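These notes are about the structure you will find just below.
The values are calculated or read from the model by the stated rules, or taken from the named source; none is laboratory data. Note that this is a predicted model, so its numbers are computed, not measured. Every residue, glycine among them, receives a Cβ derived from its backbone with ideal geometry; neighbour counts consider all protein chains shown.
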Amino acid sequence: MQPHLPEPQALVALVDALRALPGVGVRTARRMAYHLLQHDPDAAHNLSNALELALNNLQHCEKCNGFTQEVICPTCVSPNRDTSLLCVVETAADQNIIESTHNYKGLYFVLMGRIAPLEGMGANEIQLARLLERACDGLVREVILATNFTAEGDTTAHYLSEVLRAKGLSVTRIARGVPAGSEIEYVDAGTVAWALMERKPA
């Protein structure tokens, strides 16, 4: 049996970079790398340019912490949003799926994570101080916790509900129409819309 040929270091680095994507293992990353290099170098250049553009131009919105090209994102400055509602999500992808339901007209705060002590993620890492500043602006009346129905998401929701209630805010949690153990990003928009409408006190 012949030994495997050593791969060029640049190729190894590309495969390792692609493996950083969620759900992508070594074989899939290698297949992607070879496809881009061999069959679609234009797409590879476009991907490289788009990543560089995003990294250089996107920042966190000063109000909601989501991704934006402005200091404050268009959602936060829109006069058509209900400023009495604040929906707290783990990721910008979760925010996007909730927006796609066209059912929610309030504002957001994106944690960019969830409480997970074993991973070194605590209250500081999920921007608790900024969340409290946003929620206690005098306009927000209800905070909707739309964290994922995972162990970490439930822990985060429980912790945040205690802290926010202590500030005199009404706190609700999206309904369990979202399957237990699932992540909002991967749930269909109809189910997320129903979960928002059927939210319960947290």
Reported set for segment 137-152 where residues are within 16 Å of the chain's Cα centre (by Cα) and over 20 Å from Leu85 (Cβ atoms) is Phe149, Thr150, Glu152
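Go through segment 1-94 and tell me which helices (runs of 4 or more DSSP H), entirely inside it, have 1 or more residues that are out of contact with any Leu (no Cβ under 8 Å at 6 or more places or on another chain) and within 30 Å of Lys105 (Cα to Cα).
Working: elements: 9-18, 26-38, 41-57, 74-77.
In segment 1-94, the matching helices (runs of 4 or more DSSP H) lie at 41-57, 74-77.
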Counting only residues that are at positive phi and in contact with a strand residue (DSSP E or B) (Cβ under 7 Å, 6 or more places away or on another chain), segment 85-116 contains a total of 1
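Tally up the residues in segment 10-65 that are over 30 Å from Leu85 (Cβ atoms), among the polar types (S, T, N, Q) and exposed (fewer than 14 other Cβ atoms within 10 Å of the Cβ), please. It would help to see each step written out before you state the result.
Taking segment 10-65 and keeping what is over 30 Å from Leu85 (Cβ atoms), we get 10-21, 23-53, 55-56.
If we keep only those that are among the polar types (S, T, N, Q) as well, we get 28, 38, 46, 48-49, 56.
Now restrict to residues that are exposed (fewer than 14 other Cβ atoms within 10 Å of the Cβ): 38, 46, 48-49, 56.
The number of residues fulfilling the criteria is 5.
Of the residues in segment 112-131, how many are part of a helix (DSSP H, G or I), crowded, with 16+ Cβ neighbours inside 10 Å and aliphatic (A, V, I, L, M)?
In the first step, residues of segment 112-131 are kept if they are part of a helix (DSSP H, G or I); the result is 117-119, 128-131.
From the residues that got through so far, the ones that are crowded, with 16+ Cβ neighbours inside 10 Å too are 128, 130-131.
Checking the rest, the ones that are also aliphatic (A, V, I, L, M) come to 128, 131.
Qualifying residue count for the region: 2.
Among the residues of segment 100-111, write down those that are buried (at least 17 other Cβ atoms within 10 Å of the Cβ) and either not assigned by TED's automatic domain parsing to the domain that holds Val171 or not small (Gly, Ala, Ser) (or both). Steps first, answer last, please.
If we filter segment 100-111 for residues that are buried (at least 17 other Cβ atoms within 10 Å of the Cβ), which is where we start, we get 101, 104, 106-111.
Scanning segment 100-111 gives Thr101, Tyr104, Leu107, Tyr108, Phe109, Val110, Leu111.
Identify, from the list Leu37, Leu131, Leu107, Leu85, the residue that is touching a residue at least 24 places away in the same chain (Cβ under 8 Å) and over 21 Å from the mean Cα position of the chain (by Cα).
Working: Leu131 fails: over 21 Å from the mean Cα position of the chain (by Cα); Leu107 fails: over 21 Å from the mean Cα position of the chain (by Cα); Leu85 fails: over 21 Å from the mean Cα position of the chain (by Cα).
It is Leu37.
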